[in-house]
Ligand code: FAD
């Protein structure tokens, strides 16, 4: 199995989400089969995001490592959990052989915070009691609840000081916002590698949902695509793949540490993007390695 932490930069990872409910896992492993053939450096599995279940994250991540020999990253949120509950969840992840955890607070919805108010408290708890590698979330256009970028960056710096190996960013469509965020984070002393989160746009509804969920700004280029092609799903998909490809090529040229592709469990889209960037990615790895 690859060691994600010893790979040449830039790294390239995928994100998938488990099916809703306890459900049959055969479909998700069909998706993993297809994604595995694209040789990612890591596959992450979400935890209860967007109403999907939390039950299968550990099982799916564990099988990605065991059956596909691909490093896996299990997402985990602490909102609504007591220390005892979190300990039970972490013990289960350990039993399943999980090594990497994306440790987050989670969204404040129906769950009230109990023993953990912020992700930093979960990260401290994990590092004091376990030996997982910790990944954490970051927000190039600031987290929705933060009053200002300054405040959010200060919280990010404090979170990283609790022991974070890698940061993965929220999705964004405007690379300039990512570059500005990265520069400010580095100036503050945030040293962890930052994987840039890219989500290919496939429909106007999807964009609307994402923007209301995470607050990503929609630049003119994306608005133009929606206006011109939003009525035709095939054209929209083509344009979305091209936009994401251009974003990634620009990020790679600007020395990004890694790309984290939100696959939306659609391996055909991930495949198209991989084909578009494979040569570029390889050339940089050879140069930097
Ligand atoms: P935190 O780092 O705790 O920050 C939350 C807010 O609190 C920010 O505004 C921050 O500025 C502020 N803050 C932090 N520390 C302090 C402090 N000491 N004092 C005052 N304010 C503070 N959600 C899911 O439910 N499941 C998933 O699988 C999932 N995967 C994700 C993957 C990625 C890559 C990203 C970027 C997000 C993901 N999310 C997921 C969403 C995430 O749970 C939410 O964005 C959540 O609202 C914040 O989580 P966090 O860990 O970033 O929180």
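Among the conditions (1) touching a strand residue (DSSP E or B) at 6+ places or on another chain (Cβ under 7 Å); (2) on the phi > 0 side of the Ramachandran plot; (3) away from the ligand (no atom under 13 Å from the Cβ), residue 48 misses just one, which is (3). Of all residue pairs spaced 6 or more apart or on separate chains, those with beta-carbon atoms under 7 Å, a first member in the stretch 278-289 that is outside any helix (DSSP H, G or I) and a second member that is at pLDDT 80 or above are 289/8. Within the stretch 255-284, restricting attention to residues that are surrounded by fewer than 16 Cβ atoms within 10 Å (Cβ to Cβ) and under 22 Å from residue 5 (Cβ atoms), the residue that is modelled with the lowest pLDDT is 282.
The residues listed here are 177, 217; of these, the one that is touching a residue at least 40 places away in the same chain (Cβ under 8 Å), touching a helix residue (DSSP H, G or I) at 6+ places or on another chain (Cβ under 8 Å) and over 14 Å from residue 240 (Cβ atoms) is 217.
Going through 36, 103, 72, 88 one at a time, which residue ends up being away from the ligand (no atom under 11 Å from the Cβ), buried (at least 21 other Cβ atoms within 10 Å of the Cβ) and at pLDDT 95 or above?
The conditions single out 72.
Within the stretch 133-149, being near the ligand (Cβ under 10 Å from one of its atoms) and over 18 Å from residue 196 (Cβ atoms) holds for 144, 145, 146, 147, 148. Of everything in the stretch 181-215 that is assigned to a loop (DSSP other than H, G, I, E, B) and closer than 27 Å to residue 158 by Cβ, the residue that is nearest to the chain's Cα centre (by Cα) is 193. Answer yes or no as to whether residue 165 is touching a strand residue (DSSP E or B) at 6+ places or on another chain (Cβ under 6 Å) and within 13 Å of the ligand (Cβ to nearest atom). No; evaluated as a whole, the condition is false for this residue.
The values are calculated or read from the model by the stated rules, or taken from the named source; none is laboratory data. Here the structure is a predicted model, which is why all the values come from computation and not from measurement. Please note: Cβ atoms are built from the backbone with ideal geometry, for glycine as well, and neighbour counts cover all protein chains shown.
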